[in-house]
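Each remark here refers to the structure printed beneath this line.
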Amino acid sequence: TPTLGALTVTSSAGTASGDTALSVSPSLTSGNSYKYKAADTTAPTVVYGQNVKNWTTWDGSSDITVATGKKLTLVECDANYRAQLAGDCTVTAKS
């Protein structure tokens, strides 16, 4: 039975005010993409194979705008938007 793999996700202050820079390990698998969702108090949960099509797309390098203290879940999904790996972090944005 396949299980959700783990991503190590860290957040640091981005370039512009209100932005965060994410770093993730391991690297993105060819053919897959990243999606993320943030929440106020608890990182959104995800299970293997969950459809994350409606989550926000991340290109793997650009800063994103999420407020400091938010809980962010990053998912690596396949071409059909099915979750393969996931990790979460507490956001640190540039003030």
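The values are calculated or read from the model by the stated rules, or taken from the named source; none is laboratory data. Model, not experiment: these values are computed from the prediction. Because the Cβ atoms are built from the backbone with ideal geometry, glycine has one as well, and the counts that use them run over all protein chains shown. When the accessible area is computed, the model is the full protein with side chains, heavy atoms only, and any ligands, DNA or RNA have been set aside. Shrake-Rupley method; radii C 1.70, N 1.55, O 1.52, S 1.80 Å.
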Residue hits (region 13-48; loosely packed, with under 14 Cβ neighbours inside 10 Å and either aromatic (Phe, Trp, Tyr) or more than 14 Å from Lys70 (Cβ to Cβ) (or both)) are Thr15, Ala16, Ser17, Ser23, Ser25, Pro26, Ser27, Thr29, Ser30, Gly31, Thr45, Val47
So how many residues does region 1-28 have that are in contact with a strand residue (DSSP E or B) (Cβ under 9 Å, 6 or more places away or on another chain), modelled with pLDDT of 95 or more and not in a strand (DSSP E or B)? 8
Within region 50-59, residues part of a loop (DSSP other than H, G, I, E, B) and loosely packed, with under 14 Cβ neighbours inside 10 Å come out as Lys53, Asn54, Asp59
Have a look at Ala79, Ala93, Ala86 and point out the one that is open to solvent by less than 20 Å² (accessible area, probe 1.4 Å) and part of a loop (DSSP other than H, G, I, E, B). Ala93
